[in-house]
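Novice: Just dropping this structure here.
The values are calculated or read from the model by the stated rules, or taken from the named source; none is laboratory data. Quantities reported herein were computed from a predicted structural model and do not represent experimental measurements. In this analysis, Cβ positions are derived from the backbone assuming ideal geometry, glycine residues included, and neighbour counts consider all displayed protein chains.
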């Protein structure tokens, strides 16, 4: 559900020197490597290759980093240099992406390659297209003790800045069927450098991926092991790689139509549903035996999925948001359906079920339940407010007289302002219930905090109701009921213990 900042990859650059200097040459060169991402630190090594019998008394260099084409310029004074060679040294900051390096003297060297130090700078992170830079020695002078001054300057070192190589699709792999041609599916990527090469592991027998196009084709010959974990990878022309994992369901060759046996509020079991309410659908042939999946990996770009593993559900012709799929049960969140009698259907790769009629109204309130008919309730630190022993191996503390606790439920109806459908509840706004929620313990009204009966941020279809337990209530188990606009929740039992 989150939105992504643009990142950039900096591809390694091969040495600037087209050929190693031969002895007898006195060559100054610069070589840049660009690991990491734009906005990160770049290092360039500067070295001096000396011919036989040469010593150096002093050396002055200029270094310049030049943006090519439309590349973003570096800021003045951005370059820095760390010297490796001992002796009096100074670096002076220049302008226009340049710097001056001065040694008063160097350690005498007979011959060979002398690393002088490392130039460092940061590439801009703002550019939206590939860009290149050149880092070069712009001028140099030296006092060479045992030979005439003969100082050559090597070629510039190129630095490439490209989009980070990223797999962008598909969002999901389509469901397949044994002995039926698989829907051709092409992986996509952005960024990187050069031609992409694709690969996939974990595909069932009969399916393969084209290395050039990234397209999965074929006809699965088995579904043994379904669902499959498929790993898709891509490499670019500079050997950068990216990968992503997908779930692939392959159904058997003989598929049975889904059968809907019942529909109810997922928390309270009522057979009356409401918009933006969690609903469980019971039946058969929704998925292969033993299969289950949820939407945790299928919420793309912040949108709740309307198809999960090839399963979709409609109420009154509107598509619900599918959160859980198994062979005999589906959990869905209703969209903004109408009121009255609605026709509900389930569609799988085998086809669509016979319609089932369900009643819809504005409210279908219910609290989620823990074992022994206890409502899902928490203390303000979100630990369970439940009888000790409710969860084996876990100590829980019941609600106390005078304590504020939070009850968690579904189906409490419209909010003010109106909450959007099909996305997690935004955290930027408080979506309180449009009507007042009333709560009783053993028939006695308890305080419900104003505005604290509301949708839970970053969740979907989940409400919280904050109440205060009466300060003078004795220890015991109490029948908890809530109602909104006269529509009650099913009863539950809340334990109070001081």
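Novice: If you go through region 342-367, how many residues are part of a loop (DSSP other than H, G, I, E, B) and more than 22 Å from residue 461 (Cβ to Cβ)?
Specialist: Number satisfying all stated conditions: 5.
Novice: Could you tell me which numbered condition residue 350 fails, if it satisfies all but one of (1) in the same structural domain as residue 297 (by TED's automatic domain parsing); (2) within 29 Å of residue 486 (Cβ to Cβ); (3) in contact (Cβ under 8 Å) with a residue 60 or more places away in the chain?
Specialist: Unmet for residue 350, out of (1) in the same structural domain as residue 297 (by TED's automatic domain parsing); (2) within 29 Å of residue 486 (Cβ to Cβ); (3) in contact (Cβ under 8 Å) with a residue 60 or more places away in the chain: (2).
Novice: Something else: Residues that are buried (at least 22 other Cβ atoms within 10 Å of the Cβ) and either out of contact with any helix residue (DSSP H, G or I) (no Cβ under 7 Å at 6 or more places or on another chain) or assigned by TED's automatic domain parsing to the domain that holds residue 459 (or both): which strands (runs of 3 or more DSSP E) entirely in region 282-340 hold 2 or more of them?
Specialist: In region 282-340, the matching strands (runs of 3 or more DSSP E) lie at 312-315, 321-326, 329-333.
Novice: Something else about it: Assess whether residue 413 counts as being in contact (Cβ under 8 Å) with a residue 12 or more places away in the chain and within 36 Å of the chain's Cα centre (by Cα).
Specialist: yes
Novice: Based on this model, can you work out whether residue 490 counts as closer than 12 Å to residue 365 by Cβ, over 37 Å from the mean Cα position of the chain (by Cα) and part of a loop (DSSP other than H, G, I, E, B)? Outline the logic, then answer.
Specialist: Working: closer than 12 Å to residue 365 by Cβ: yes; over 37 Å from the mean Cα position of the chain (by Cα): yes; part of a loop (DSSP other than H, G, I, E, B): yes.
Considered against the rule, which asks whether it is closer than 12 Å to residue 365 by Cβ, over 37 Å from the mean Cα position of the chain (by Cα) and part of a loop (DSSP other than H, G, I, E, B), residue 490 comes out as yes.
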